[in-house]
Amino acid sequence: MTKKTVCDIELCGKRLLIRADFNVPLREDGSVASDRRIRVALPTLRHCLENGASVVVMTHLGRPGGQPVEKLGVRRVATRLRELLGETPVEVADTDWEEKANNLKTGEVLLLENLRFDPGEKSGDERFANRLRGLGEVYVNDAFATCHREHASMFAVPKRFPEGNRVIGLSVAKELAMLDDLLESPRQPMVAVLGGAKVADKIEVLKVLLGRVRKVLVGGAMAYTFMKARGFDVGASAVDEGKLGLARQILARAGDKLILPHDHVVVPHPDASSQDASSQARVTEGSIPAGWSAFDIGPRTIECYTAAIRGAGTVVWNGPLGKFEDETFRTGTEAVVRALAESNAVTVVGGGESGAAVELFGLAEKLDHVSTGGGAFLQYLENGSLPALSVIDDR
Ligand code: ADP
Ligand code: MG
């Protein structure tokens with residue numbers, strides 16, 4: 001996809017309206033738990049500021065449900081952004097957006113309060129979109145992880161800008177370049193590793209992937225919907241009953257391309273976080289005993305999946321292989337991430353929790369691309385396009 005970027009237009013003296021995605025994970029006390037999404041936006045911000053622009057940045061943060069929620073205000077994000085940008089002044093505008101934007105000088109940044117404090121953001125409201133439209137001369141989309149949403153700041157706002165003034169930022173450009181390579185000319189053989197919990201979100205992309213890859217290695221909670229569809233007993237493991245029919249169809253079509261776990265780490269109840277989970281955890285092969293639940297792939301599966309990764313030219317990974325947030329069920333995900341880091345294959349990772357796992361193991365630098373997107377990443381792999389990009393100018 002060849003979209004116009006901030007490098008293709010004249011920026012000097014202009015006021016830019018940049019949609020970033022500073023939807024960072026927060027700790028209980030409201031502090032920023034990972035600043036990755038803020039760091040990802042820095043190249044675009046620096047490029048614009050160094051080329052003589054002033055910058056109004058907008059983002060959402062969490063799910064305030066269309067009203068102000070103190071904990072979800074952008075002040076902490078602004079503090080971190082200030083630290084990262086060094087000399088650059090960064091101000092926050094609560095509600096006085098127009099006044100502060102009009103007073104903005106070249107080289108300065110204004111961060112608008114959480115867009116989702118207004119119900120108009122999610123509903124794509126006209127009044128809200130018109131208000132945002134008035135805040136800049138050029139619209140920049142640098143929020144890849146939100147590009148599958150037709151929210152006001154992603155869709156209705158850029159639509160209101162004249163042609164030639166709707167571009168993407170450098171982080172979106174990088175995401176698209178990586179994903180386009182993956183779709184158009186991947187180094188062969190290509191292997192996909194698919195895990196996580198959201199069967200309903202992932203089953204469509206799985207269908208598409210099967211047409212493109214040598215193997216799909218399935219793990220995580222989604223494996224148990226497929227195990228059940230294939231006729232195994234899965235005990236009390238999580239199953240998306242509504243998708244069993246589709247899972248059966250996919251299994252029939254996929255043949256031996258789709259690999260399910262041979263063995264599993266199980267506990268005798270459905271609660272992975274229970275205190276005695278680590279002392280009760282066992283490895284079982286094949287079916288899972290009644291009342292037991294699987295929360296990780298077992299050692300034989302790890303061996304088989306990491307071998308497939310070692311032999312691949314390209315690996316796409318989305319979705320943890322187990323409930324990695326609990327140490328007892330982290331082994332499978334950690335082994336896969338380490339295999340990705342050590343492999344010579346082109347390695348591309350997408351998904352919120354998958355990205356968090358890569359960070360947890362400190363291996364982000366060893367992978368070729370860790371997408372900021374979850375839903376957007378999967379939807380782009382599925383369709384080769386995203387709604388919010390359709391309103392950006394082509395190059
Ligand atoms: P991503 O955000 O990377 O796309 P998902 O949102 O689909 O991934 O799923 C991530 C979640 O799946 C993790 O929080 C993890 O705890 C959970 N998970 C993985 N395997 C299992 C399992 N076997 N049983 C229950 N939950 C699991
Ligand atoms: Mg997720």
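Brief remarks on what is shown
- All helices (runs of 4 or more DSSP H) inside the range 8-113 with 1 or more residues being within 17 Å of residue 372 (Cα to Cα): 36-40, 42-50, 75-85
- Helices (runs of 4 or more DSSP H) within the range 222-291 that include 2 or more residues surrounded by 18 or more Cβ atoms within 10 Å (Cβ to Cβ): 222-229, 244-254
- Checklist (1) crowded, with 24+ Cβ neighbours inside 10 Å; (2) charged (D, E, K, R); (3) within 16 Å of ligand 1 (Cβ to nearest atom) applied to residue 142, failing item: (3)
- In summary, residue 188 fulfils each of the numbered conditions (1) at pLDDT below 95; (2) more than 22 Å from residue 288 (Cβ to Cβ) with the single exception of condition (1).
- Matching entry among 254, 197 (being small (Gly, Ala, Ser), away from ligand 1 (no atom under 16 Å from the Cβ), closer than 19 Å to residue 305 by Cβ and modelled with pLDDT under 95): 254
- Selection of first residues in the range 350-364 that are over 15 Å from residue 197 (Cα atoms) and part of a helix (DSSP H, G or I) and of second residues that are within 12 Å of ligand 1 (Cβ to nearest atom) and of a type in the set (Val, Ile, Thr), restricted to Cβ pairs under 7 Å at least 6 apart or on distinct chains, gives the following pairs, ordered by first then second residue: 358/337; 358/349; 358/370; 364/358; 364/370.
Residue by residue, here is whether (1) surrounded by 21 or more Cβ atoms within 10 Å (Cβ to Cβ); (2) among the acidic types (Asp, Glu); (3) under 22 Å from residue 76 (Cβ atoms); (4) in contact with a strand residue (DSSP E or B) (Cβ under 8 Å, 6 or more places away or on another chain) holds:
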| residue | (1), (2), (3), (4) |
| --- | --- |
| 9 | no, no, no, yes |
| 13 | no, no, no, no |
| 20 | yes, no, yes, yes |
| 29 | no, yes, yes, no |
| 38 | yes, no, yes, yes |
| 44 | yes, no, yes, yes |
| 51 | no, no, no, no |
| 62 | no, no, yes, yes |
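The values are calculated or read from the model by the stated rules, or taken from the named source; none is laboratory data. Everything numeric here is computed off the predicted structure, so don't read it as measured data. Because the Cβ atoms are built from the backbone with ideal geometry, glycine has one as well, and the counts that use them run over all protein chains shown.
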